[in-house]
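> Handing you a structure now.
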Ligand code: IDP
Ligand code: MG
């Protein structure tokens, strides 16, 4: 297994609740190297584009509204098996189903307001990283 990159967002709920530091600590404890990090706030157009794959889902409008409600922290992460590894640290989409010790178990309110995003495949990670970072920004 070689070193891989993945993309993550600390979502508006967690940033507003002051949980970003603890979430970053959990990510770093899991062996990830932060190679890019920035605070930003998504426009409706950006959030809609980022989640375009979910356009036909009933929760799409609510998701776009949630993701634009306040600042987020976008991150580029590097580790062996980073994509799968981050999904494990995050826990299940619905915190009710998330394993003990995962970020979503600890901080997420519900299936929508679930505090963190992580890419679901290496191909998606490449697209999502390019959405927020130029290659020159990743150190
Ligand atoms: P993931 O973030 O675990 O990869 P996805 O299925 O890709 O989950 O969904 C993207 C995001 O959309 C979720 O993280 C969550 O914020 C929101 N979401 C997913 N399913 C639902 C739902 O059934 N109701 C409300 N929001 C949802
Ligand atoms: Mg997903």
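> Scan region 79-101 residue by residue and report those that are over 12 Å from the mean Cα position of the chain (by Cα), in contact (Cβ under 8 Å) with a residue 12 or more places away in the chain and surrounded by 17 or more Cβ atoms within 10 Å (Cβ to Cβ).
Within region 79-101, 79, 82, 85, 95 meet the criteria.
> All but one of (1) free of Cβ contacts under 8 Å to residues at least 40 places away in the same chain; (2) within 16 Å of residue 37 (Cβ to Cβ); (3) within 12 Å of ligand 2 (Cβ to nearest atom) hold for residue 116; which doesn't?
Result: residue 116 fails condition (1) only.
> Here are some residues: 29, 55. Which one is over 13 Å from the mean Cα position of the chain (by Cα), free of Cβ contacts under 8 Å to residues at least 24 places away in the same chain and over 18 Å from residue 93 (Cβ atoms)?
Just one listed residue meets the conditions, 29.
> When you go through 74, 53, 3 one by one, which is the residue that is touching a strand residue (DSSP E or B) at 6+ places or on another chain (Cβ under 7 Å), under 22 Å from residue 121 (Cβ atoms) and loosely packed, with under 14 Cβ neighbours inside 10 Å?
It is 3.
> From the list 106, 113, which one is within 25 Å of residue 41 (Cβ to Cβ), under 13 Å from the mean Cα position of the chain (by Cα) and modelled with pLDDT of 95 or more?
Answer to the selection: 113.
> Test of understanding: among 42, 63, 37, which residue is crowded, with 21+ Cβ neighbours inside 10 Å, within 28 Å of residue 134 (Cβ to Cβ) and under 14 Å from the mean Cα position of the chain (by Cα)?
When all the criteria are applied, what remains is 42.
> Another one. Give the number of residues within region 117-131 that are within 14 Å of residue 85 (Cα to Cα) and under 12 Å from the mean Cα position of the chain (by Cα).
Selection size over region 117-131: 5.
The values are calculated or read from the model by the stated rules, or taken from the named source; none is laboratory data. This is a predicted model, so every value here is computed, not measured. Because the Cβ atoms are built from the backbone with ideal geometry, glycine has one as well, and the counts that use them run over all protein chains shown.
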